[in-house]
Amino acid sequence: HVAPRLPDVAPDPLTEREREVLRHIAQGATNAEIAESLFLAEGTVKTHVGRILGKLGLRDRVQAVIWAYEHGLNNRP
């Protein structure tokens, strides 16, 4: 059984802040942990997560983690 392929999108449609949030998501951080780490309100993190999912055409955080790994985002500083 082969996992469904995630949608292809522009190479880097995300803002730098969205990339930071996505890196944290890929590391398994919760919205509260991301907010604390990036000095943001939790609601702001939720907004970023929603925009990330929308821009990348993803359904949920699990797909976001897969996308981050497939695109090497989890390895960037």
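The values are calculated or read from the model by the stated rules, or taken from the named source; none is laboratory data. The structure displayed is predicted, hence computed values, not measured ones. Please note: Cβ atoms are built from the backbone with ideal geometry, for glycine as well, and neighbour counts cover all protein chains shown. What goes into the accessible areas is simple: the full protein's heavy atoms, side chains included, and nothing from ligands, DNA or RNA. Shrake-Rupley method; radii C 1.70, N 1.55, O 1.52, S 1.80 Å.
Mind telling me which of the residues GLU36, GLU16 ends up being open to solvent by 30 Å² or more (accessible area, probe 1.4 Å) and either of a type in the set (A, V, I, L, M, F, W, C) or at pLDDT 95 or above (or both)?
On inspection, the qualifying residue turns out to be GLU36.
Restricting attention to region 46-77, report how many residues are in a helix (DSSP H, G or I), in contact (Cβ under 8 Å) with a residue 12 or more places away in the chain and open to solvent by 60 Å² or more (accessible area, probe 1.4 Å).
Residues that pass the stated criteria total 7.
Just to be sure I understand the filter: pairs with C-beta atoms under 7 Å, separated by 6 or more residues or on different chains, first member in region 26-45 and closer than 15 Å to VAL65 by Cβ, second member of a type outside the set (Asp, Glu) and open to solvent by 70 Å² or more (accessible area, probe 1.4 Å). Which pairs pass?
Close Cβ pairs (under 7 Å, with a partner that is of a type outside the set (Asp, Glu) and open to solvent by 70 Å² or more (accessible area, probe 1.4 Å)) amount to ALA26/TYR69; ASN31/LYS46.
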